[in-house]
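The structure under discussion appears below in the form of structure tokens.
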Amino acid sequence: MDLLHTIAGALAYTARAMGNGAGLPITFGTYMTMLAIERISYVFAEGHIWDERDAFAGVRAALANTAIQIVLTGGLFLAVYTPIYTYLRVFDVPFVWWGWVLAFLLNDLAYYTDHRIAHRVGFLWAIHTTHHSSQEMNLVVSNRGAALDLGGLMSPCFLLLAFAGVPPAMLLAVKFFGNLWGIFNHTRLIKRMGWLDEVLATPANHRVHHGTQPQYLDRNYGQTLILWDRMFGSFQREEEEPVFGLVKQMDSYRTWDIHTWGIRQLARQWRSADRWSDRLRYLLKPPGWDHRGNHQTTAEIVAEHRPGGPVQAAAR
């Protein structure tokens, strides 16, 4: 119990520091330290698989995203979250050990839910493609965030934590530690983590999420825990080495393309439809839906490659 109180105290200290404006330096300093460790490790890694051009493209995209979030949208999420917490919360989650555990679980479940929705709704996927656009897998990719996310407002399930009574400072702290793990699991250097692969979104589990093979599509959404994927049927073990990126790869290193490629693809599809009902479907249907019936959604791709499906039959 003393250990739990110590951990809760450390979390409370972090929450106060982040709530007092230290969030950016704490996050940035930690991320840069982790990135330096990984980059140095690659020098000694067998095969030395590091794409400098992709890494610099990722850094430029991350800097552009950070600047936009700070200048234009960084406060939007808290500007919405705080009034909900202040006036509409149903419960009060206290700054004690079990309150931290509850806040962590709620935050991780909200991340899983929003992440899964982002892969299944055309408009949100067009924004989320920024994160999946790299054909590499390293800690630089972890920070390839979408400038169009509007500071987190495109992830509305997190706002439910305000109704549940999670204080803003507590939310910032659990999100910080969740994001730390979310950075760590974007690496090729760690292959397996034993029993932790059964309960956490380890690097092996998250590499699956970035894979483009049919068996890997729309799998392993969790940020810290893999238990939600197991509970809700979206878990997949890493088998063959994933091919990273998008089903239709974006072959560009331009910052503008990284942040807008998905939206521009959606806009082309939207303009190709004559009926407004079909245009609305492009925004709401899963990515790959086509108003002419030439669907290439995850369901169609998986069906084509299923044993006995068209692709398997053609291979014979």
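Values computed for the structure shown
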read-out: Helical mean residue ellipticity (222 nm; -39500 (n - 2.57) per DSSP H run of 4+; nearest 500) of the chain; value: -18000 deg cm²/dmol
read-out: Label corresponding to Cα extents along the principal axes in Å when calculated from the structure given, among (i) 71, 48, 46; (ii) 48, 47, 44; (iii) 63, 52, 37; value: (iii)
read-out: Ranked THR86, THR298, criterion: other C-beta atoms within 10 Å, fewest first; value: THR86, THR298
read-out: Per-peptide average of other Cβ atoms within 10 Å, ordering 29-41, 129-141 highest first; value: 129-141, 29-41
read-out: Distant-in-sequence amide H partners of LEU200 (H built 1.01 Å from N, under 5 Å); value: ILE226
read-out: Residue-wise HN-Hα coupling along region 213-224, computed from phi with Karplus coefficients 6.51, -1.76, 1.60 (Hz; x: Gly, Pro); value: 5, x, 6, 9, 5, 6, 10, 6, 7, x, 8, 10
read-out: Rotationally averaged projected area of region 215-316 (alpha carbon convex hull; nm²); value: 9.3 nm²
read-out: Under 14 Å, Cβ to Cβ, from TYR111 - net charge with Lys/Arg +1 and Asp/Glu -1; value: -2
read-out: Taking N as its residue count, the alpha carbon Rg of region 93-155 over 2.2 N^0.38 Å; value: 1.36
read-out: FRET efficiency estimate (nearest 0.05) - Cβ-Cβ, VAL302 to LYS191, R0 30 angstrom; value: 0.70
read-out: Dipole in debye (nearest 20) - region 2-232, about Cα centre, beta carbon charges: Lys, Arg +1; Asp, Glu -1; value: 160 debye
read-out: Whole-Hz couplings from phi, Karplus 6.51/-1.76/1.60, listed for region 262-267; x for Gly and Pro; value: x, 5, 5, 5, 5, 4
read-out: Residues of type aspartates and glutamates that LYS248 reaches as a straight line, Cα spacing below 18 Å, ignoring anything fewer than 8 places off in the same chain; value: ASP54, GLU136, ASP218, ASP257, ASP290, GLU300, GLU304
read-out: Filtered trypsin sites (Lys or Arg not before Pro), region 230-262: DSSP coil and at most 14 other beta carbons within 10 Å; value: ARG237, LYS248, ARG254
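Where a number appears in this text, it was derived from the coordinates with a stated rule and is not lab data. As the structure is a prediction and not an experimental result, all values here were calculated from the model. Virtual Cβ from ideal backbone geometry, glycine too; neighbours counted across all protein chains shown.
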